[in-house]
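What follows is calculated from the coordinates using simple rules that are stated; it is not laboratory data. Given the structure is predicted, the values throughout are model-derived calculations rather than measurements. Here the Cβ is made from the backbone with ideal geometry for all residues, glycine too, and neighbour counts use every protein chain on show.
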Amino acid sequence: MKALNKQTAPKAQRPERIIQFGEGNFLRAFIDWIIYNMNEKTDFNSSVVVVQPIDKGMVDMLNAQDDLYHVNLQGLDKGETVNSLTMIDVISRALNPYTQNNEFMKLAEQPEMRFVISNTTEAGIAFDPSCKLTDAPASSYPGKLTQLLYHRFKTFNGDKSKGLIIFPCELIFLNGHKLKETIYQYIELWQLGDEFKTWFEEACGVYATLVDRIVPGFPRKDIAAIKEKLQYDDNLVVQAEIFHLWVIEAPQEIAKEFPADKAGLNVLFVPSEAPYHERKVTLLNGPHTVLSPVAYLSGVNIVRDACQHPVIGQYINKVMFDELMETLNLPKDELKKFAEDVLERFNNPFVDHAVTSIMLNSFPKYETRDLPGLKTYLQRKGELPKGLVLGLAAIITYYKGGVREDGAEITPNDAPEIMQLLKDLWATGDTQKVTEGVLAATSIWGENLNNIPGLTAAVKADLDSIQEKGMLETVKGIL
C-alpha cells in the first residue's frame, strides 16, 4: 500500500484564491468537495490555503499527505445506494498561524486571493476585547480576519479591486451579519480609521450562509477496508452523506464569480436565507423531534427503521407532508423535493441514527422546531395538527421515565428544572394536571400554551390513549 502524497498521486497546481479558516471534517467533506467539483466542471481553477483557527489542530497531518485525502459519500440518491470515494486535491497547503504567523499574514499580499470561507464552530464568531492588532495572531477568528483584511488594505493602498468575498459557514442563523458586526467592533477597538472601514464596506462582502450535510467524519470501523480498496494509506478519509445544500444570501454577481450552480451543485444564491433556514428547521429538525419519542415508545430504536415501519412511517409522512409543509411559504414543488430528500437522508442505509440521541432537550427543541408550525397550521386550517399534538404528548410521556414494554429503559435528559417539573406533575397521577402543568410552563414556551384553543384537551386525550392502549395503537388512531 502506497503513502498518499503528490509523488504517489496526481495533484494539479492551481492559483491560490481561497483562504479557509478551519481544517475539520465538515469543511473538507463539504466546502473542499464543492470546490473540487467546481474545478472539475467549470473554469473556476482555484486552490485553497487552509488556516488552522486554534493553536492545536490537524494541519501537520494534512501537510504530511501533501493535503490530499478522500471523501467517502454514502447514502441514497433517488433510491439508488451510493458508496463512493473521491480524492480531493484542492488544498495547496495548510498553515498554523500560531507558529507561521508571517506566512499567514502574507496571504493578504497575494493579489489573486478573492474568497474567505470559515467554519470555526458556533463559538468561533465572537468578539474578544483582549485581542490586540499586534498579536501574532489574534486569538479570535474575527480578530485574525480583521488583521488579514487590514494588512491587505495597506499592502494594496486601499485598492477597491482587492477586496475579499467572505462566506462564513458556522451554524448560526445570519452568521454573516454576526461576523460583520464583530469585524466592526475590532475596527473600532483597534482604531483602524474611517478609510479602512470604508474600504471594508465597499470592497468586501460578508454574506450569510446556511450549510447542510451530515458528516460522520473519520470512518474508524471501515478504514481498513477503505485503505485496501484505495491502495493508499490515507489517514484523513472523511465520510459524509450524499445530500448537500449551501444557501448563500448574496447578489447574482457573486454567483458569477463562484459558479457552483454551473457545476450542478445544490448551491443557491438567494436574496434572503431566512425561508431556507425555516424550511430546514421545519422539515428536517421538526419531524426528527416528534418521530423520536413516538418511535421509541413504539419499540423502534433507529430513525431508518422508524421510516420503514408500516405505522410509524405513515406518521412521519403525515407530519412532514400534511402538516409541517402546509405552514411554509416557499413554492410547493421546492418544499416537496426538499422533504423527499430529507426522507432519503432519514433512510440512509449507512447511518444507524439512534432516536434516543435526538431526544436530548426535547422540550426546547419542540418549542423552536414544531410549535411555530402547530400555531400556523391552526391559524391556516382552523384545526390542530393531530401528528404534532401527538408528538408533544409522546415527549411528555417519554419524560415520565420508567421502562418500555420490552424492558428497555426510558431515560429522559433535559435541564434539571424541566426534569423536576415533569417528575412532580407525573407524581400526581392525573393527566389533566400533567397536561395543564406542562403547557403552562412559560420557562419552556415563553407563554402559556393552555391559551391555544383546544390544545389542552387534545394533549390530554393523547396522553390518556397512550396510557390505556400504548403508543402504536394511539398512532393508528390518528392516521
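Angle, helix 455-469 long axis vs. longest principal axis of the chain, Cα atoms, 0 to 90°, nearest 10?
70
Helix 286-297 versus the longest principal axis of the chain: what is the Cα-based angle in degrees, 0 to 90, to the nearest 10?
50
Mean 1/r over all different Cα pairs, inverted: what Kirkwood radius does the stretch 1-96 give, in Å?
This gives a value of 14.1 Å.
With just the Cα atoms defining each centre, how far is the stretch 64-133 from the stretch 214-256? Give it in Å.
Taking the Cα centre of each part, the stretch 64-133 and the stretch 214-256 sit 12 Å apart.
Averaged over every viewing direction, what's the projected area of the C-alpha convex hull for the stretch 19-173? Give it in nm², one decimal, please.
Average of the hull's projected areas for the stretch 19-173 equals 10.8 nm².
Just how many % of Cα pairs in the chain lie over 29 Å apart, if you round to the nearest whole percent?
When every Cα pair of the chain is considered, 56 percent fall beyond 29 Å.
Evaluate the Kirkwood expression for the hydrodynamic radius of the stretch 2-270, namely the inverse of the mean inverse distance over all pairs of different C-alpha atoms, and round to one decimal in Å.
19.1
Classify the stretch 274-478 as rounded, prolate or oblate from the Cα gyration tensor: take a ≥ b ≥ c as the square roots of its eigenvalues, call it rounded if a/c is under 1.5, otherwise prolate when a/b beats b/c and oblate if not.
oblate
If you take every residue apart from residue 243 with its C-beta less than 9 Å away from the C-beta of residue 243, what net charge results, scoring Lys and Arg +1 and Asp and Glu -1?
Summing Lys/Arg as +1 and Asp/Glu as -1 gives -3.
At q = 0.17, 0.18, 0.22 Å⁻¹, what is the log10 ratio I(q)/I(0) for the stretch 88-226, with the Debye formula run over Cα points and no solvent?
Each listed q corresponds, in turn, to -0.98, -1.09, -1.53.
Tell me the net charge near residue 108. Cut-off is 10 Å between Cβ atoms, residue 108 excluded, with +1 for each Lys or Arg and -1 for each Asp or Glu.
So the environment of residue 108 carries a net charge of +3.
Calculate the spin-label point distance for residue 308 paired with residue 231, positioning each point 7 Å from the Cα along the beta-carbon direction, and give it in nanometres.
So the two model labels end up 3.5 nm from each other.
Quick check for me: using +1 on Lys/Arg Cβ and -1 on Asp/Glu Cβ, what's the dipole size of the chain about its Cα centre, in debye to the nearest 20?
Rounded to the nearest 20 debye, it is 460 debye.
Lys and Arg at +1, Asp and Glu at -1: add these up for the other residues within a Cβ distance under 12 Å of residue 175 and post the number.
Local charge sum for residue 175: -3.
Placing +1 on the Cβ of each Lys and Arg and -1 on the Cβ of each Asp and Glu in the stretch 362-434, which of 382, 393, 407 has its Cα farthest towards the positive end of the resulting dipole?
Of the listed residues, the answer is 382.
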